[in-house]
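To start, the structure under review is shown below, and the notes come after it.
None of the figures in this text is laboratory data; all of them are computed from the coordinates on show. The structure presented is a predicted model; accordingly, all values stated were derived computationally and were not measured. Because the Cβ atoms are built from the backbone with ideal geometry, glycine has one as well, and the counts that use them run over all protein chains shown.
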Amino acid sequence: MAIKKTNIYKVQFQEVQLKDSSTPENAFAFEFENHDNIFEIISKIQQSNMLGNKELEMQLILGIKLFGDVMLRHKGNPLFEPLQPAFIEFMKGLKAKTQQ
C-alpha cells in the first residue's frame, strides 16, 4: 500500500453576520492538499503566542498555507514574481520564530 505524500483538508466558509443586517445566505466549501500537518503548525504558532490571539494565529497560518500553495503551483506566473522573494524571507522568519 502506497504512503500518501499529502494531507487533504476541507475548508468551509460561510456568512454568519452581515454589516447591513441582511440574512446571511452564502457559503462554500472546498478541499485542498498540503504536505504539511497544518494543525501542528497552528499549534506551534499558538504556543509561541506570536500574535497574542489564537484566532488571528489560525487565520494567519491558514491564509499563508492557502496562498503559498497557489503561488507554488503557479510559480512561473508573472503575477506572483514580485511576491516570491519577500514570501520566502517571510516564511524563513516565521519558521525561525517558532523554533525559539
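The table for this structure:
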| quantity | calculated |
| --- | --- |
| Span from the the stretch 21-100 Cα centroid across to the the stretch 5-20 one, whole angstrom | 14 Å |
| Local electrostatic count, Leu94, Cβ distance below 13 Å [Lys/Arg +1, Asp/Glu -1] | +2 |
| Cβ-based net charge around Pro85, under 15 Å, with every Lys or Arg adding one and every Asp or Glu removing one | 0 |
| The chain, dipole about Cα centre (Lys/Arg Cβ +1, Asp/Glu Cβ -1), debye to the nearest 20 | 460 debye |
| Exposed-loop-free span, longest in the chain, where GluC sites (Glu not before Pro) count as exposed if DSSP calls them loop and at most 12 other C-beta atoms lie within 10 Å | 26-100 |
| Label point 7 Å beyond Cα of Lys44 along Cβ direction - residues of the stretch 78-97 with amide nitrogen under 11 Å | 92, 94-97 |
| Violating pairs (Cα-Cα greater than 24 angstrom) within the set Lys10/Lys44; Lys65/Lys92; Lys10/Lys97; Lys5/Lys44; Lys4/Lys92; Lys44/Lys92 | Lys10/Lys97; Lys4/Lys92 |
| DSSP-assigned coil residues among trypsin sites (Lys or Arg not before Pro) in the stretch 26-100, each with at most 16 further Cβ atoms within 10 Å | Lys75 |
| Summed side-chain charge close to Phe32 - residues other than Phe32 whose Cβ falls under 13 Å, Lys, Arg +1, Asp, Glu -1 | -1 |
